[in-house]
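Here is the structure we will look at.
The values are calculated or read from the model by the stated rules, or taken from the named source; none is laboratory data. Keep in mind that what you see is a predicted model, and the values were worked out from it rather than measured. No Cβ is skipped: glycine too gets one built from the backbone with ideal geometry, and neighbour counts run over all protein chains shown. The accessibility values were calculated without ligands, DNA or RNA, using every heavy atom of the protein model including side chains. Shrake-Rupley method; radii C 1.70, N 1.55, O 1.52, S 1.80 Å.
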Amino acid sequence: MGFPGLAVARSRALAALDRLVAAGQDVSTPAKARAAADNAAVRSAPTMPAIDRYTGVLYDALGAGSLDADARAWVETHVVIQSALLGFVRASDHIPAYKVSEHTKLPGERMRDLWSEAGAVIDGFALDLRSKAYAALAPVAGAVPVEIVSPEGKALNHWNKAGKGALVRSLAEAAVEVDSADALVRWAASASVPLTGTETGLRLVVQDPRLAPSEPGTAAGPVQDR
């Protein structure tokens, strides 16, 4: 896996998950039973690239499985995902299924203690598409946050993630290579992507969050959290 500097923290997290499994997990619903089974098998289960393992609104909008080879290679090279169990992982890192979030109580460990220094493994220009909870869990020095807003300037909740996924997809399809927020804003202007600079980071206007990333009117044209 990438970021070998996180090996000790990962081992601690996995050992704590072993203790959680040994203590017994909630299996009161089919979904909870599946999650418990995944956690119990985490050390021996089949793996797949992280970008294919994770699901949800952001990953649906990104649509990694439908990218062409060049765009997929860009994602594998540029996208980093924050995991509550494994810290930062590359999009191409092969990981098993598991059910651990920033809210999970791991016996003998605190999430903040595990990952508070993990951000040191991220260097260079980083576009930060994580939720506030994950960003607080593992701060990344100098990372530039992106705010997703409606044309009226209102912050979006559910569709916030769709906008971020669409942005990553557009960056991948354009194979964007930039080393600063200013350079990214210049690219956005040239590509008609509604991304602008603010005092605290960047702002992306999502014209119609119900549209798929490839349809006209969506935010064309990135990293996210689990």
Can you tell me which residue within the range 47-58, out of those that are out of contact with any strand residue (DSSP E or B) (no Cβ under 9 Å at 6 or more places or on another chain) and not in a helix (DSSP H, G or I), is most open to solvent (accessible area, probe 1.4 Å)? THR55
When restricted to THR47, THR29, THR55, THR104, the only residue of a type in the set (Ser, Thr, Tyr) and within 16 Å of the chain's Cα centre (by Cα) is THR55
Just a yes or no: is a residue in the range 12-31 surrounded by 15 or more Cβ atoms within 10 Å (Cβ to Cβ) and farther than 16 Å from LYS99 by Cβ? yes
Which residue pairs have Cβ atoms under 7 Å apart, sit 6 or more places apart or on different chains, and have a first residue in the range 177-200 that is within 12 Å of PHE125 (Cβ to Cβ) and modelled with pLDDT of 95 or more and a second that is part of a loop (DSSP other than H, G, I, E, B) and of a type in the set (Val, Ile, Thr)? LEU184/VAL178
Subset of the range 130-183 [among the hydrophobic types (A, V, I, L, M, F, W, C) and touching a Phe, Trp or Tyr at 6+ places or on another chain (Cβ under 7 Å)]: LEU137, ALA138, ALA172, ALA175, VAL176, VAL178
